[in-house]
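The values are calculated or read from the model by the stated rules, or taken from the named source; none is laboratory data. Since we're looking at a predicted model, the values are computed, not measured. So basically every Cβ, Gly included, is an ideal-geometry build from the backbone, and we count neighbours across all protein chains shown. Heads up: the accessible areas ignore ligands, DNA and RNA and are worked out on the full protein's heavy atoms, side chains in. Shrake-Rupley method; radii C 1.70, N 1.55, O 1.52, S 1.80 Å.
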Amino acid sequence: MRILHLSDTHLDRTATPNKDGVDATESLRLMLAELQHQQDVDAIVVTGDLADAGEVEAYAAVRDLVGELARRVGAPVFFTTGNHDERTAFTKVLGSGHLTADGTERAETVLESATGERAAVSTVGGLRFVTLDSLVPGKVHGHLGRAQLDWLRQVLSEPAPHGTILAFHHPPIALDVETQRAFGLRNPEDLAAVIGGTDVRVVLTGHFHLQLSGFLASVPVWVTPGVVNRIDLTAPPGTERAVRGASASLVELGGPSGPLFHTFHARDPRAHETVWELGEEQVRSIVEKHG
């Protein structure tokens with residue numbers, strides 16, 4: 001099972017450079033062009049922050065651009081929400097977030113939620129894909145509510161033929177980095193209590209705009225770097241630097257060494273140029289305000 005994993009496309013309705021001078025649509029086009037030669041792709045997963053401001057036009061653009069690659073490789077696409085997303089607009093364009101290669105709805109089970117959370121289940125070649133919704137409207141951090149976790153527990157009560165992949169936006173793991181500690185998934189222990197001892201084989205997330213791996217309840221967790229930019233941890237402690245460079249991941253399951261994770265970096269003549277840099281005071285202020 002070979003999965004292409006993207007996250008944090010941050011498209012807007014204008015398809016022009018954002019306030020930091022980065023054209024998110026062009027970054028996505030560049031990354032997708034680099035992935036077109038990948039073979040034997042079974043699924044594409046995009047873990048949130050699809051739109052920068054939750055606009056319908058941005059979701060349509062993500063659907064169409066990623067859909068071109070999906071049709072080329074003949075693979076379904078599974079989208080999740082992120083903290084920049086807006087559930088109503090997401091649903092209007094992407095439905096459950098589970099689409100066939102030709103863009104039609106394919107979810108087998110969808111969470112019925114009074115608050116509109118977008119969680120769904122699809123199966124590909126005996127492997128179950130479950131997308132969750134860690135979005136907390138108006139907040140940067142993520143949280144998985146009790147109703148969603150109870151639903152997940154029920155889904156996982158019957159093992160899938162080849163196991164389960166969970167995909168959502170906010171990582172349940174973090175380095176000792178202030179922004180990661182403040183803005184990741186706030187209740188990883190609750191998720192761990194649900195997935196421990198089940199057939200979950202890997203958890204796929206985004207949000208941090210860098211690659212990171214770890215474990216939750218003995219389940220491998222992968223954080224894929226962002227498409228719009230990436231965070232450079234060579235910045236001085238307490239500060240934060242974003243640099244140009246679209247990235248994505250290959251996740252390979254099966255075989256004696258799996259899961260395997262590989263990071264792709266798009267060829268960009270301006271890669272590694274600084275997009276923005278925040279000093280210690282700015283980072284501290286953002287964490288105090290939003291954390």
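Side notes on the structure shown:
- Inter-part distance where the stretch 139-178 and the stretch 191-225 are each reduced to a Cα centre, Å: 8
- Sparse-neighbour loop sites [trypsin sites (Lys or Arg not before Pro); the stretch 71-168; at most 14 other C-beta within 10 Å; DSSP]: LYS139
- Label of the coordinate-derived value, mean projected area of the Cα convex hull in nm², listed as (1) 14.9; (2) 13.9; (3) 24.4: (2)
- The calculated pair-distance distribution of the stretch 100-144 uses every alpha carbon pair, bins of 10 angstrom beginning at 0, and gives 23, 45, 27, 5 percent.
- Ordering THR234, VAL200, THR263 by the projection of their Cα atoms onto the charge dipole of the stretch 188-291, which places +1 on the Cβ of Lys and Arg and -1 on the Cβ of Asp and Glu, puts THR263 at the extreme positive end.
- Restricting the GluC sites (Glu not before Pro) of the stretch 153-251 to loop positions (DSSP other than H, G, I, E, B) with no more than 10 neighbouring Cβ atoms within 10 Å leaves nothing.
- For the stretch 195-291: rounded, prolate or oblate by the Cα gyration tensor [a/c cutoff 1.5]: oblate
- Fraction of accessible area attributable to carbon and sulfur, the chain (%, probe 1.4 Å): 49
- In this structure, the amide hydrogen of ALA120, modeled 1.01 Å from its nitrogen in the peptide plane, lies closer than 5 angstrom to those of LEU111, THR131, counting only residues at least 5 positions away or on a different chain.
- Computed over neighbours whose Cβ is under 14 Å from that of LEU152, the net charge equals -3, Lys and Arg +1, Asp and Glu -1.
- Shape annotation for the stretch 131-214: C-alpha extents along the principal axes are 38, 25, 18 Å, from largest to smallest.
- For ALA246, the residues whose amide H sits under 5 Å from its own are ALA266, ignoring neighbours fewer than 5 places away on the same chain, with H placed 1.01 Å from N.
- Taken one residue at a time, the phi angles of the stretch 22-34 give Karplus couplings (6.51, -1.76, 1.60, θ = phi - 60°) of 9, 8, 4, 5, 5, 4, 5, 4, 4, 5, 5, 4, 5 Hz. Gly and Pro are set to x.
- 12 Å reach of a label modelled at ARG267, 7 Å along Cα-to-Cβ, counting backbone N of the stretch 24-59: 34-35
- Straight-distance crosslink candidates among lysines, where the alpha carbon sits under 19 Å from LYS289 and sequence neighbours closer than 8 are dropped: LYS139
- Across the stretch 145-151, coupling constants 3J(HN,Hα) worked out from phi with the 6.51/-1.76/1.60 Karplus curve, θ = phi - 60°, read x, 4, 4, 5, 5, 5, 4 Hz, and Gly and Pro carry x.
- For the stretch 80-159, size of Cβ-based charge dipole, Lys and Arg +1, Asp and Glu -1, in debye: 180
- Derived scalar couplings ³J(HN,Hα) [the stretch 68-85; Karplus, 6.51 cos²θ - 1.76 cosθ + 1.60; whole Hz; x for Gly, Pro]: 4, 5, 4, 5, 5, 9, x, 10, x, 10, 10, 9, 10, 7, x, 5, 7, 7
- Accessible surface calculations at 1.4 Å, restricted to protein heavy atoms, place the stretch 1-150 at 38 Å² per residue.
- Scanning residues 5 or more positions from GLY48 or on other chains, those with amide H under 5 Å from its amide H are ASP8, THR80, with H placed 1.01 Å from N in the peptide plane.
- Global form of the stretch 56-165, assessed from the alpha-carbon gyration tensor, a/c cut-off 1.5: oblate
- Counting charges near LEU175 (Lys, Arg +1; Asp, Glu -1) among other residues having Cβ under 14 Å from its Cβ returns a value of -3.
- Under the simplified labelling scheme, the VAL136-GLU158 pair shows an inter-label distance of 3.4 nm, with each label point 7 Å from Cα along Cα→Cβ.
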